[in-house]
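Accompanying notes for the structure given below.
The values are calculated or read from the model by the stated rules, or taken from the named source; none is laboratory data. None of these values were measured; they are calculated from a predicted model. Here the Cβ is made from the backbone with ideal geometry for all residues, glycine too, and neighbour counts use every protein chain on show. Calculation scope for accessible area: heavy atoms of the full protein, side chains included, ligands and nucleic acids excluded. Shrake-Rupley method; radii C 1.70, N 1.55, O 1.52, S 1.80 Å.
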Amino acid sequence: SRFETCWPALMKDSHGVIIIFNPELPSHLKEIEMWYSCFVQQQPLLDSQCLLVAHHKPGSAGDTENLSLAYPLNKLKLIHSNLEEDPEDVRIEFMKYFRNIITVINENREKEEMSIIL
């Protein structure tokens, strides 16, 4: 992609990755494997630091709520967003995700401080 040269700058010191995709596009399902590999596995970040968001456009058809992703994507937290129907659910899931990221950051900071003390 045109922006691959920018990826190292985007990834530097990042604590979390949110991948938003259209579950109705088969090409997106292939692409999210690449995004996960580049932005999560190669950093490396924990799977808990990655959130997958299957975004449903207004009036979209298809039974994509029962999306089953292949390994390793099936280990990740997956939420469905449909901002017309349940914006509050999405907001709650985002808050949970951000709280988890803050916990990871604090734990890492404590480990670093302990290693300096030791």
Practice item. Would you mind checking the tilt of helix 87-117 against the longest principal axis of the Cα atoms of the chain, expressed as 0 to 90 degrees and rounded to 10? Key: 20 degrees
Exercise for review: Kindly express, to the nearest 10 degrees and within the range 0 to 90, the angle between helix 26-36's C-alpha long axis and the longest C-alpha principal axis of the chain.
Suggested key: 0 degrees
Review point. Of VAL90, PHE39, THR5, which is farthest on the positive side of the dipole of the chain, counting Cα position, with +1 on Lys and Arg Cβ, -1 on Asp and Glu Cβ, and the Cα centre as origin?
Key: THR5
**Study point:** Per residue, in Å², the accessible surface of the range 1-117 once ligands and nucleic acids are set aside, probe 1.4 Å
**Key:** 68 Å²
Point to revise | Under 5 Å, built H, 5+ apart or other chain: amide partners of ILE18 | key: LEU51
Review point. Which entry in (i) 15.9; (ii) 24.4; (iii) 16.4 is this structure's computed Kirkwood radius over Cα pairs in Å?
Key: (i)
